[in-house]
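Accompanying notes for the structure given below.
The numbers here are math on the coordinates, done by the rules we state, and not lab data. It should be emphasised that the depicted structure is a prediction, and the values quoted were computed from it without experimental measurement. Every residue, glycine as well, gets a Cβ built from its backbone with ideal geometry; the counts of neighbours run over all protein chains shown.
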Amino acid sequence: QVSVLYFARSAELAGLRCETLSVPREITSLQLWEEIVKVHPRLAVIRDQVVFAVRQEYVLLGDQLLLLQPGDEVAIIPPISGG
Amino acid sequence: MEESEDVPKDFVKLKCEKLSVDEVSELVVSPYCGAVSLFIGTTRNNFEGKKVIHLEYEAYTSMAETEIKKICRDVRQKWPSVKHIAVHHRLGVVPITEASVIIAVSSPHRAESLEAVMYCINTLKASVPIWKKEIYEDEYSWKENKECFWANSEK
């Protein structure tokens, strides 16, 4: 069970900022994205623009294997525009 | 005070209230430093011919603070003579001409603080999870920094 956080455009598409999802402990970042899109299909349009932050470290969508712990924070990070 | 008491400090703050240049520069002033360099990011009133009414910022606050502190650590590795660093970023609604971000760095001589300030703002734009929405008269747009390392600006 991980906390998924949505920001900026991803929060608008998903319609929420935060929820708990149940996902396998070992999962690639791409598979995790696909799990999230099952719940929020409107997110599919931004697939090529987002990365994750898992435990506050950036992770590209791809084959990287994530080892998730219960309660971990996973954030969907659209292209940033600070400063 | 003795120089050994003037311990180098990082001042990182994300806040919704108006930013103050006086406040941020006073944070970094030091009797051992001859230079304080400042960057202020302000809100422009137009983008591609459209009138910008105001900006709205949001942040992944805990990670943004951590990433800004990483930038401060990098600055101190690259410019060891840097004394204090302050980065204040505003969140929420920012009206036109008001500051979205103020960065101040002090160092004994000017070269290091000038370079460090530039490094801070450039790296902030590339790596800190903060997002800006430009509000126009009829619509709005989530901006994307060209520095963002994963954004595909072709799309």
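Which shape class, rounded, prolate or oblate, goes with chain A when its Cα gyration tensor gives a ≥ b ≥ c as root eigenvalues, a/c under 1.5 marks rounded, and past that a/b bigger than b/c marks prolate? Walk me through the intermediate numbers first.
Details: a/c = 1.41, a/b = 1.30, b/c = 1.09.
Because its axes are fairly even, with a/c under 1.5, chain A counts as rounded.
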Along the Cα-to-C-beta direction of A:D48, a point sits 7 Å from the Cα; which residues of region A:54-83 have their amide N less than 15 Å from that point? A:61, A:79
GNM flexibility winner over chain A from A:E12, A:E73, A:E34 (Cα, springs under 10 Å): A:E12
Could you state the angle between the C-alpha long axis of helix B:61-78 and the longest principal axis of the C-alpha atoms of chain B, as a value from 0 to 90 degrees rounded to the nearest 10? 50 degrees
Could you grab the relative contact order for region B:9-136? Cα pairs under 8 Å, six or more apart, rounded to a whole percent. 42 percent
How much net charge surrounds B:A35 when only other residues with a Cβ under 13 Å from its Cβ are counted (Lys, Arg +1; Asp, Glu -1)? 0
Please list, or write none, the aspartates and glutamates whose alpha carbon is within less than 16 Å of the alpha carbon of A:K38, excluding same-chain residues fewer than 8 places away. A:E19
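Can you give the average number of partner chain beta-carbon atoms within 10 Å of each beta-carbon in peptide A:69-81, as a whole number? List each step's numbers first, then the result.
Details: counts 0, 0, 0, 0, 3, 0, 4, 1, 6, 7, 14, 22, 18.
Mean shielding by partner chains, rounded to a whole number: 6.
Within 10 Å of each Cβ of B:139-151, how many other protein chain Cβ atoms are there on average?
Details: counts 0, 0, 2, 10, 5, 7, 5, 2, 5, 8, 5, 11, 8.
Across the residues of B:139-151, the mean count of other-chain Cβ atoms within 10 Å is 5.
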Looking only at lysines whose Cα falls under 21 Å of B:K125's and that sit 8 or more positions away or on another chain, we get B:K13, B:K15, B:K18, B:K69, B:K70, B:K78, B:K133, B:K143, B:K146, B:K155
What do you get for chymotrypsin sites (Phe, Trp or Tyr not before Pro) in region B:1-86 restricted to DSSP loop and a cutoff of at most 16 other Cβ within 10 Å of the site's Cβ? B:Y32
Under the rule of at least 5 residues apart or a separate chain, name every residue whose amide H is placed under 5 Å from the amide H of B:Y136. B:I53, B:S141
Hey, what angle do you get for helix A:29-39 against the long axis of chain A, alpha-carbon based, 0 to 90 degrees rounded to 10? 70 degrees
Along the Cα-to-Cβ line of B:E23, 7 Å from the Cα, sits a label point; which residues in region B:101-136 have backbone N less than 16 Å from it? B:101-104
For region A:16-83 and region B:25-89, distance of Cα centres in Å: 28 Å
Calculate one ³J(HN,Hα) per residue across region B:114-126 by plugging θ = phi - 60° into the Karplus curve 6.51 cos²θ - 1.76 cosθ + 1.60, and present them in order as whole Hz with x for glycine and proline. 4, 5, 5, 4, 5, 4, 4, 5, 5, 6, 4, 5, 8
Counted charge near A:S22, where neighbours are those whose Cβ lies closer than 13 Å (Asp, Glu -1; Lys, Arg +1): -1
